[in-house]
1. Which members of region B:1-21 meet the condition of being surrounded by fewer than 21 Cβ atoms within 10 Å (Cβ to Cβ) and under 18 Å from B:TRP96 (Cβ atoms)?
2. Of all the residues that make up region B:25-37, how many are more than 9 Å from chain A (Cβ to nearest Cβ) and open to solvent by 50 Å² or more (accessible area, probe 1.4 Å)?
3. I need the full set of residues from region B:63-83 which are assigned to a strand (DSSP E or B), closer than 22 Å to A:THR143 by Cα and open to solvent by 20 Å² or more (accessible area, probe 1.4 Å), in order please.
4. So B:PHE108 fits all but one of (1) without any contact (Cβ under 8 Å) to a residue 12 or more places away in the chain; (2) surrounded by 15 or more Cβ atoms within 10 Å (Cβ to Cβ); what number is the exception?
5. Which of the residues belonging to region B:1-33 are more than 13 Å from the chain's Cα centre (by Cα) and acidic (Asp, Glu)?
6. With a cut-off of at least 1 residues that are touching a Pro at 6+ places or on another chain (Cβ under 7 Å), name the strands (runs of 3 or more DSSP E) lying wholly within region B:1-62.
7. Can you work out which of the residues in region A:88-105 that are more than 14 Å from chain B (Cβ to nearest Cβ) and more than 10 Å from the chain's Cα centre (by Cα) is surrounded by the fewest Cβ atoms within 10 Å (Cβ to Cβ)?
Amino acid sequence: MKNRNNLMDLEGFSEFRDAAQKQGILFFYNGYFSQNIIAAMADAVRYRIGSQDAKGSTTRRVFSTFIEMAQNIIHYSAENLTDENAVDREMRFGTVTIGRQGDSYFVVCGNVVPEHAVPILAEKLDSIRGMSMDEIKAAYKETLRSESESSSKGAGLGLLTMARDSTQPIEYSFVNLPEKGNAFFYLKAII
Amino acid sequence: MEDFYIPASAMSPEIDFRFSNNVLNIRGESYPENAAAFYGQILSQLALYLASAGSKKIEVNVALRYFNSSSTKILLRLFEMLNDAVSAGNDVTLNWYHDEEDDTILEFGEDLHSDYELLHFNPIAIPEA
């Protein structure tokens, strides 16, 4: 039991793994996101969910939610290794996890966002949370037709895509960070 | 006009535009980091080809296993261009392949077809691999 507070010994790692298993965690990643990293994870995610004898449509929805969340991180996380205005070959920091509880799957992501983005995201998410599935589908269609290809990198449509693939309203929270000007943003979808 | 080919990658589809045979194939995955950048040249090649076409019988095969939200916008644009090509006197058949269990891709194709109804839209279910 030595060094428990300093280093993760194997017993500590075993506890970490057991705790993850109890939470139904099937996949967890905390680190830098790039397009190549996402493509590698995408394979792992498909096999992992596919091995859970989920329906094909469920696997697709989980996969779609995972990709939208991961690409949001590479486009919008405030912790980036690349230029703030880059649109390509971006590398940004975030966390994503996929798990199962009973017959449902959850996909959760987290990343740092600048404080000025908090009210904008909250407003978008509150609006989506208040919609019925029919309203989500209608808003999705409208956004698809109104957003120009070049303007946004696509966040509005991405959030609506997650909402469309979810069986319950998407959840979110913001946690204040000690460093000024930033907040931690969590997003959870249940499929 | 010369045929146009881009091989598939893990995150982007194979583009196999056989302009000489009037057969256009798109198949694979579509979640590039920046869909507008990836598809820019593809759509401009298509626009050039369609501008030169007048009364052709064009076959389009789209077999995407998955496409992300930013690729979806491009597909909308693609349907629109093909629909316009019918207005210009061409005959366009769109074979829309989808996984038999994947109702989202099927519904998306059907939705777009109701907006661009000049296309001969032909949904084709592929059995689970």
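The values are calculated or read from the model by the stated rules, or taken from the named source; none is laboratory data. These numbers come from a predicted model, not from an experiment. Cβ coordinates were reconstructed from backbone atoms using ideal geometry, including for glycine residues, and neighbour counts include every protein chain displayed. Protein only, heavy atoms only, side chains kept; ligands, DNA and RNA dropped before computing areas. Shrake-Rupley method; radii C 1.70, N 1.55, O 1.52, S 1.80 Å.
1. B:GLU14, B:ASP16
2. 1
3. B:PHE67
4. Checking B:PHE108 against (1) without any contact (Cβ under 8 Å) to a residue 12 or more places away in the chain; (2) surrounded by 15 or more Cβ atoms within 10 Å (Cβ to Cβ), the one that fails is (1).
5. B:GLU2, B:ASP3, B:GLU33, listed by residue number.
6. B:14-18, B:23-30
7. It comes out as A:GLY102.
Residue by residue, here is whether (1) within 13 Å of chain B (Cβ to nearest Cβ); (2) under 20 Å from A:ILE190 (Cα atoms); (3) among the aromatic types (Phe, Trp, Tyr) holds:
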site	(1), (2), (3)
A:TYR32	no, no, yes
A:ALA44	yes, yes, no
A:LYS55	yes, yes, no
A:THR59	yes, yes, no
A:VAL62	yes, yes, no
A:THR65	yes, yes, no
A:ILE73	yes, yes, no
A:LEU81	no, no, no
